[in-house]
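Scroll down for the structure; my scribbles are underneath it.
What follows draws every value from the coordinates through simple rules; no lab data is involved. The structure displayed is predicted, hence computed values, not measured ones. Glycine also receives a Cβ, built like all others from the backbone with ideal geometry; neighbour counts cover every protein chain displayed.
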Amino acid sequence: MYIYIQGTGCVSPQETAAGNTFPAAVLPWEGPRLKAWEPDYKQWIDVKLIRRMSRVIKMGVAAAKLSLQEAGVEIPDAIITGTAYGCLDDTGVFLSKMINQQEEMLTPTAFIQSTHNTVAGQIALMLGCHAYNNTFVHKGFSFESALLDSIMILREGRSSSILAGAMDELTNHSFNILSRFDLYKKEPVTHEQLLKSTTHGTVAGEGAACFVLGTEKGPNTKAKLTGLTTLYKPAGKAEISPDITSFLAAHNCSQEEVSLVITGRNGDAAGDEWYEYVEDTLFAGKPVAGFKHLCGEYPTAASFGMWMGNRILAEQEVPAAALLKGTVPDHIKKVLIYNHYKQTHHSLILLTVC
């Protein structure tokens, strides 16, 4: 059974929500933090609801609406999302008021909207979807877990179309807290310099990406979700190669058949060594693209990578801003996305052109 990507939607630090295509030009940035470029939400959300929504809810709803529009689906058979941090802004508001007001006279709105499944619930309420609704909170595997659940349900024949996606936001509070763990660059960098960096740390990011997955090919379907696997805390770089080889073999794909490799390079010297090892040992001479210099690093950034992979297959072109090395073939048939989060959560996603 084939799993088709019937529609996609993405809100990111790039203008990806404008026309739902890869932007012609990269929005310049400098510093350790990328903020999402937010479109005019009024085209998808009632103005009376917008003022009550936090940023991550608006991003998630917009990405979901974009994907459903492209797929031509009004109400999906299920809504499955992944998030590592949930609604951080509302969580921060609730905790701040709890402290400032000494736990008295607290309004429940911020608490209600601070839970991790708020985005999926809000999408369901807006669509009037009363079907299966689930949110995975599995750190760096949150998006992959949502995809895996979607694949299993589709293969069981319980649904014909599923809205799957992931979203994470960055707030001033969360950025300051995460910075204490020495995760981000100390020196200022730009998108052109980041992936050439040889120092420790990366840049923080945020975003939301949604996909309508189904067992039938839709009018705008350009790619299939051929395979997905995860690997937690591999013993070393040498362990990655046989896992990738086995993954490709399980889906009847050889290394030579992979037209493009998309990696999660993020400018952190230690983390990028994993990608370099895979590129040099398994895919020497293959074209390689990157995506985290466009969206930043966050636990569900692989969703942006999958969105970009789908757009590349749809447009049969790799944006100059994303291509890191090699020459892209005239016809791009298979795209392999290899990503890891903090060198512990490794994932592989294989996409095939329709």
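More than 14 Å apart: what percent of Cα pairs in the range 254-317 qualify?
Of all Cα-Cα distances in the range 254-317, 60 percent exceed 14 Å.
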- Query: Where does each of 293-305, 117-129, 181-193 land if you order them by average Cβ count within 10 Å, highest first?
  - Reply: 293-305, 117-129, 181-193
- Task: Determine Rg/Rh for the range 1-119; Rg is computed over alpha-carbon atoms and Rh is the Kirkwood hydrodynamic estimate from the same atoms.
- Result: 1.03
- Message: Placing unit charges on C-beta atoms (Lys and Arg positive, Asp and Glu negative, everything else neutral), compute the dipole magnitude of the chain about its Cα centre in debye, rounded to 20.
- Response: 300 debye
- Between the range 213-260 and the range 15-37, the alpha-carbon center distance in angstrom: 27 Å
- Message: Rounded to whole Å, give me the distance from the Cα center of the range 47-71 to that of the range 263-308.
- Response: 28 Å
- Pseudo-spin-label distance Ala24 to Gln69, built 7 Å along Cα→Cβ, given in nm, is 2.0 nm
- Query: Mind checking the dipole of the range 4-214: about its Cα centre, +1 per Lys or Arg Cβ, -1 per Asp or Glu Cβ, Debye to the nearest 20?
  - Reply: 160 debye
- Task: Report, as a whole number in µm² per second, the diffusion coefficient that Stokes-Einstein gives for the range 223-353 at 10 °C and 1.306 mPa s using the Kirkwood radius over alpha carbon pairs.
- Result: 110 µm²/s
- Computed over the range 50-206, Cα set: Rg, Dmax in Å: 18.1, 52
- Three semi-axes of the equivalent ellipsoid, the range 1-52, Cα gyration tensor, whole Å, largest first: 23, 21, 11
- Checking rank on 337-349, 225-237, with mean other Cβ inside 10 Å and highest first, the result is 337-349, 225-237
- Item | Two-site FRET efficiency, Ala249 against Asp46, from Cβ-Cβ distance with R₀ of 45 Å, rounded to 0.05 | 0.35
- Query: For the chain, what percent of Cα pairs sit more than 26 Å apart?
  - Reply: 46 percent
- Note on the structure: Output row, site Lys233, 7 Å Cα→C-beta label point, backbone N cut-off 17 Å, window the range 246-289, residues none
